[in-house]
């Protein structure tokens, strides 16, 4: 789960990680009021969406007067922001963060992520702040320093010194500040079950202080149960409506661009099914994993969500029953045809636990539009043919 | 022969008396697995499914001589359960539970390694040595005995792969579901050499996914150490960039971890890479004929 910049900065403040003063607003009037409260002399008006690259897309502006704050707030609020991290349709800006301008001397990059190979958190830092870090990694990898931190020992002095010297910070007072910055950041990473923290840029001010000018945070979804204050920060308007609706029923759904709706059990087989459709010349309309506890209701819901997409010309149900029982899926399909108008061909391949029973159930229900797939390859081929109207 | 487990392996279940633990322990026992007891705190002294229940893993190991633990405890307690098993002298912990916090797994795996305990999973279907021992949640009936070893990140693709191998007239030595979480236990690079050393395994099927670089590391190892034919499929060629596909591991970030990159690396290592899981059976037949 991701959160907004203003929310991440609230967490930073709790842990004593320095950030500029700021106020989140949802209207132009409130933006001007916030600017007055902050006092100026300059303000930054920032779009709050769950994506990077906001500045380049026109979602971050420096205002030198209250009139400019009003002008920029009016411009950014309600705009659809397209960045390299959003889809081509972009994201609607519904929230702004009005922030004090900072006296920037240098810009750095700092992040904490999980290193899957080392199986521990990794601090990544660079003197090339304010740039796209993927480009830095590609063009000048020597400018990125990495410091793995074993959670069993925590952030030690030597980690801090690696950070300070790695960033070329030679002033002793500044070294102390950056080490303390890193220590607090690591602590908040661990204590909040964060998956990722990224600060780009981290700035050094004219007076030699280090401040997080931006903040991105993502969290381990599996740990949200014990992090209620983080879970409460979830902004559902930032997420896909259909995906959220599907999740309520234990379904994992992602919309794609193609014509063949897919309903599969297990993430791996679901991806494998999409790959097979693609290989046979068709295009998958979605990823849909019905999960391990699929029943008639969830299957019916799955059909409803798939059929909301007008591009869908056929549906391929591909189930290899392990924990999932095929007879339950078969009943779900029958249920779905009763409550939803299933107006496209449905290709069904059921294998594994209780597959013969399921086959009987489907046969005796005598549903129009229903085509049986004998195995994965056969089912996918029939789905591709059906979508083409063959 | 087989790898890691066989008909003599003694298994305890952590989370023995819970709904999932009960259902699957019963299924495993019916398959032939020697379930010798289980652990549920405060239920020590009771009998469940005809086997003794213990309060601690330590007690269970000392009394039953079990070497493997199958873990079904709820996600929040997985880390704790794994560390307890490690200190009690368990040799292999098979972690079925889905949704364990990543931080807990970092700690638990480091502790397991320190105590010399192997782990499998979490969020995996488990491990099965065909017609001998099943430790996990896979449908046992599809795994017929034979000469093909199988390693997979995905549960349902394990079944799909095994089923095709069997339909082609072959069978399975051992099938291992390693899971797709960010932190996992045994992976390709530990399991491939075990299959290489197992005299009954003649061919290895390896099923991967987008995200991470375990398959790339496996390609390197295969090139250097594996002489048996390997057939591979990587799921997620059509997955859009940056979208999570159910598994935490199935995330493509930047260029690292794409299906294409992994398929190319494996092909360069001499592996037969299929573009659809529907082709696994046919590819195994070809590999076995060589």
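The values are calculated or read from the model by the stated rules, or taken from the named source; none is laboratory data. From a predicted model like this one, the values you see are computed outputs, not experimental measurements. Reconstructed Cβ throughout: ideal geometry from the backbone, glycine too, with neighbour counts over all protein chains shown.
So here's what we get for this one:
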quantity	calculated
Residues satisfying the stated conditions in the stretch A:174-221, i.e. within 20 Å of residue A:49 (Cα to Cα) and assigned to a helix (DSSP H, G or I)	A:221
Qualifying positions in the stretch A:77-121 - farther than 27 Å from residue A:146 by Cα, assigned to a strand (DSSP E or B) and in contact with a helix residue (DSSP H, G or I) (Cβ under 7 Å, 6 or more places away or on another chain)	A:96, A:97, A:98, A:100
For residue A:128: the one exception among (1) away from every other protein chain (no Cβ under 13 Å); (2) more than 19 Å from residue A:201 (Cβ to Cβ)	(2)
Residues (under 23 Å from the mean Cα position of the chain (by Cα) and within 15 Å of residue B:77 (Cβ to Cβ)) located in the stretch B:20-65	B:20, B:21, B:38, B:39, B:57
Among the candidates A:355, A:380, residue that is buried (at least 22 other Cβ atoms within 10 Å of the Cβ) and assigned by TED's automatic domain parsing to the domain that holds residue A:274	A:380
Leading residue by the ranking (farthest from the other protein chains (Cβ to nearest Cβ)) among those in the stretch B:79-96 that are within 26 Å of residue A:194 (Cβ to Cβ) and in contact with a strand residue (DSSP E or B) (Cβ under 6 Å, 6 or more places away or on another chain)	B:81
All positions within the stretch B:82-115 that are out of contact with any helix residue (DSSP H, G or I) (no Cβ under 8 Å at 6 or more places or on another chain) and under 18 Å from residue B:62 (Cβ atoms)	B:91, B:92
Any hit, the stretch B:92-112, residues being at pLDDT 95 or above, surrounded by fewer than 19 Cβ atoms within 10 Å (Cβ to Cβ) and part of a loop (DSSP other than H, G, I, E, B)	no
Residue A:319 vs. criteria under 31 Å from the mean Cα position of the chain (by Cα), assigned by TED's automatic domain parsing to the domain that holds residue A:264, at pLDDT 90 or above and closer than 20 Å to residue A:295 by Cα	yes
Matching option when the condition is surrounded by fewer than 15 Cβ atoms within 10 Å (Cβ to Cβ), under 30 Å from residue A:153 (Cα atoms) and either without any contact (Cβ under 8 Å) to a residue 12 or more places away in the chain or within 14 Å of chain B (Cβ to nearest Cβ) (or both), among A:191, A:195	A:191
Spans of strands (runs of 3 or more DSSP E) in the stretch B:127-185 with at least 3 residues surrounded by fewer than 24 Cβ atoms within 10 Å (Cβ to Cβ)	B:145-152
Residue A:272 being facing chain B (nearest Cβ under 8 Å), at positive phi, crowded, with 18+ Cβ neighbours inside 10 Å and in contact with a strand residue (DSSP E or B) (Cβ under 9 Å, 6 or more places away or on another chain)	no
Qualifying positions in the stretch A:316-327 - assigned to a helix (DSSP H, G or I) and buried (at least 22 other Cβ atoms within 10 Å of the Cβ)	A:326
Qualifying residue in the stretch A:99-111 (condition: within 18 Å of the chain's Cα centre (by Cα) and modelled with pLDDT of 90 or more)	yes
Sole exception among (1) within 29 Å of residue B:260 (Cα to Cα); (2) in contact with a helix residue (DSSP H, G or I) (Cβ under 8 Å, 6 or more places away or on another chain); (3) within 13 Å of chain B (Cβ to nearest Cβ) for residue A:278, by number	(2)
Condition met for residue A:211 (crowded, with 18+ Cβ neighbours inside 10 Å, away from every other protein chain (no Cβ under 14 Å) and over 16 Å from residue A:19 (Cβ atoms))	no
Output for the stretch A:281-304, where each listed residue is under 17 Å from residue A:353 (Cα atoms), touching a helix residue (DSSP H, G or I) at 6+ places or on another chain (Cβ under 6 Å) and within 10 Å of chain B (Cβ to nearest Cβ)	none
In the stretch A:233-269, the residues that are within 8 Å of chain B (Cβ to nearest Cβ) and free of Cβ contacts under 8 Å to residues at least 24 places away in the same chain	A:267, A:268
Matching residues, the stretch A:222-232, being within 25 Å of residue A:47 (Cβ to Cβ) and either surrounded by 19 or more Cβ atoms within 10 Å (Cβ to Cβ) or within 11 Å of chain B (Cβ to nearest Cβ) (or both)	A:230
Residues satisfying the stated conditions in the stretch A:328-356, i.e. in a helix (DSSP H, G or I), within 14 Å of chain B (Cβ to nearest Cβ) and either at pLDDT 90 or above or in contact with a strand residue (DSSP E or B) (Cβ under 6 Å, 6 or more places away or on another chain) (or both)	A:329
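Rundown of residues vs (1) farther than 24 Å from residue B:109 by Cα; (2) away from chain A (no Cβ under 13 Å); (3) in contact with a helix residue (DSSP H, G or I) (Cβ under 7 Å, 6 or more places away or on another chain), yes/no style:
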{"site": "B:161", "(1), (2), (3)": "yes, no, yes"}
{"site": "B:179", "(1), (2), (3)": "no, no, no"}
{"site": "B:182", "(1), (2), (3)": "no, no, yes"}
{"site": "B:197", "(1), (2), (3)": "yes, yes, no"}
{"site": "B:202", "(1), (2), (3)": "yes, yes, yes"}
{"site": "B:212", "(1), (2), (3)": "no, no, no"}
